[in-house]
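Student: Below is one structure. I have some questions about it.
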Amino acid sequence: MPEYDLVIKDGMVIDGTRLPRYRGDIGVKDGKIAKIGRLQSHQGTKTLDAEGHMVVPGFIDLHTHYDAQLFWDPYLTISGWHGITSVVIGNCGFGFAPVPPEDQERAMLTMTRTEAIPYDSMKAGMPWDWVTFPEFLDSVERTPKGLNILPYMPIAPLMVWVMGREEAKSGRMPTDDEHREMVRLLHEGMDAGGCGWSAQRFGEDSVQCDYDGTPMPTDIMHNETCLELAKVLGDRNEGFIQMSLIPSVAPMEVIESHYEELAQVSGRPILYNVIQVQDADPSRHRNLLAWIERCRQKGLRIYGQTISTDAGFTFTFTDWNLWDDDPAWREATLGTVEERKSKLADPTRRPALKNDPTGAVTSSFDDVIILDVKRADMKHLENLTLREAGEKEGKHPVDAMLDLALADNMETTFFTPSVGSNDEYLQELVTPESSLLGVSDGGAHTKFFCGGRYSTEAITRIVRDLNMMSLEEVHWRLSAMPAACAGFKDRGVLREGAPADIVVYDYDNLETLPMEVAHDLPGKEWRRVQKAKGYRAVLVNGEMTLENDENTGNIPGKLLRHGG
């Protein structure tokens, strides 16, 4: 009788610990790695021939917004197509619990703007069979899953629950009683299996604002509230903080001091979100990396979540909202498509709209590319930058962009290239040991962005094409390091007794496929996706979820309460 359910035979094993690769076999039994070494094919009920392939730990994605999508897509695509076996939900302080029944509609409307998740998809795809955060986790556990899910407790709905929406968004300091209730609810959520908390703090001019253009509750929350919540993690000696706090909210030295205080009070890992290369100002990433290194020298567990993919944004003006940190653009792109048309056509608005955005999305309007035009008589503008189109039309680049979009019934597709394309700067970003790779933003900005490809891109671009690090290093960064930071127990490495989250891929032929439009969301909605080629197999808890780049139908994923 076979000893193992599966034997992965003759692969090149990279175990995620940074130890050198070696040729070996892996025996899988009852969802776990039972044996690593030299095994025979007959010892397995099934055998997977991994000759010529890398065998590595499943990738762990710490920054996703699959809080809604998990209810209709067990493989959490596009992440599940790119070797991801475990994800974290509840990032940026956003989520759907605790939410009373009368607030469900408003919670979904919020997410249509702040994370650009289609409303009709949420309305059709979410069961809403919960009110509290523990009840939400119970619902996630009941839902069929192809990947493992680790939950943070998002602070925005917590603040709304305790203070009421209007007061939570007023910017006032919570009372002592309100702080005590937030602390109690955070304890309750972590008792139920939550693995820490998250918050986005982008200030009054948030690039990810609420449905009505106002800041999210966490955007204007106080440091004192964060400290009260950090004390919970310190008292429990468990959990993790993911927080975004940017220099437009406070001077960088004040931000650094606040993070360091949170790290001291909590004694827990903190993920600073995000560090990104901007070619026009390399001092930005260099200063942040230098601070993260100073924290490491002090023994503070503060890590930098980096944007290591060069994915840009593809959009039309029917739903574009990622210039929301500019008040003029935010106001002009609120409302229905017809309302947007009217505002974008208003000549009195154009002077304000011609100010370049702050740099979070594109370094200059001039660099935006016209990808696709529907009107036949305007096809000659395709593949031009706005600078080139403006010169051809005798217009300012913004006038060229908006006049084209309006004449094309708002269906023109534009592309904003990544603000960081300098390979030298990329190496500076990914080399430090406290830098995490990412950010996928999986499940969010579904009509603009395909950051879920970052894991495949780390192997193909950072390692294979640019030789910035070894495979041993990149698989530590993709698996073991994020597992340790976020509190995943026993995952992120290949070792006997660990859950069998395993990826088998063809290193020489691995690639990210071109972007395409998929009409596969509930509510007859669509999204942009990028698939991968070269994944021989992906195993989650010992079951194959992806074989030869196609999902298998198996759903062995688990809710990882308390990380395990």
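Taken together, the values in this text are just the output of simple stated rules run on the coordinates, not laboratory data. What you see is a predicted model; the values in this text were computed from it and never measured. Note that we place each Cβ from the backbone using ideal geometry, even for glycine, and neighbour counts take in every protein chain shown.
Student: Binning at 5 angstrom from zero up to the longest distance, how are the C-alpha pair distances of the stretch 33-171 distributed in percent?
Tutor: 2, 8, 17, 19, 16, 10, 7, 6, 5, 4, 3, 1, 1, 0
Student: Let me ask something else about it. Magnitude of the Cβ-charge dipole of the chain, K/R +1 and D/E -1, about the Cα centre, nearest 20 debye?
Tutor: Here the chain has a charge dipole of around 1080 debye.
Student: Something else: Suppose we take every Cα in the stretch 317-416 and form the convex hull; what volume per residue is that in Å³?
Tutor: Residue-normalised Cα hull volume stands at 85 Å³.
Student: How many nm separate the modelled label positions at Arg18 and Glu511, each set 7 Å beyond the Cα in the direction of the Cβ?
Tutor: Roughly 3.3 nm, to one decimal.
Student: How high is the relative contact order of the chain? Use alpha-carbon pairs under 8 Å, at least six apart in sequence, and give a whole percent.
Tutor: 21 percent
Student: Is it possible to state the helix-based mean residue ellipticity at 222 nm for the chain, with each DSSP H run of 4+ residues giving -39500 (n - 2.57), the sum divided by total residues, to the nearest 500 deg cm²/dmol? What is it?
Tutor: -8000 deg cm²/dmol
Student: What is the set of long-range amide H partners of Thr47 at a cut-off below 5 Å, with H atoms built 1.01 Å from backbone N?
Tutor: For Thr47, the qualifying residues are Val7.
Student: Towards the positive end of the charge dipole of the chain, with charges on Cβ (+1 Lys, Arg; -1 Asp, Glu), say which of Gly44, Ile462, Thr314 has the farthest Cα.
Tutor: Towards the positive end, the residue furthest out is Gly44.
Student: Take every DSSP beta bridge whose two residues both sit in the chain, then give the antiparallel share in percent to the nearest 5.
Tutor: Of those bridges, close to 55 percent are antiparallel.
Student: Using only C-alpha positions, report the orientation-averaged shadow area of the convex hull of the stretch 371-425, nm², one decimal.
Tutor: Mean shadow area of the hull around the Cα atoms is 4.2 nm².
Student: Alpha carbon centre of the stretch 491-543 versus the stretch 50-104: separation in Å?
Tutor: Centre-to-centre distance over Cα atoms comes out at 12 Å.
Student: Exposure proxy check: Thr446, Thr112, Thr431, Thr306 ranked by fewest other beta carbons within 10 Å?
Tutor: By the 10 Å Cβ count, ascending, the order reads Thr431, Thr112, Thr446, Thr306.
Student: Tell me the relative contact order for the stretch 317-416 as a rounded percent, counting alpha carbon contacts under 8 Å between residues six or more apart.
Tutor: Once divided by the residue count of the stretch 317-416, the mean separation gives 28 percent.
Student: If you don't mind, there's one more thing I want to ask. Give the lysines reachable from Lys374 as a straight Cα distance under 27 Å; neighbours fewer than 8 places away on the same chain don't count.
Tutor: Reachable lysines: Lys341, Lys343, Lys354, Lys392, Lys395, Lys447, Lys524, Lys531.
Student: Follow-up question, since we're still on this one. Local charge sum around Pro482 (other residues, Cβ-Cβ under 11 Å, Lys/Arg +1, Asp/Glu -1)?
Tutor: Net local charge, Pro482 excluded: +1.
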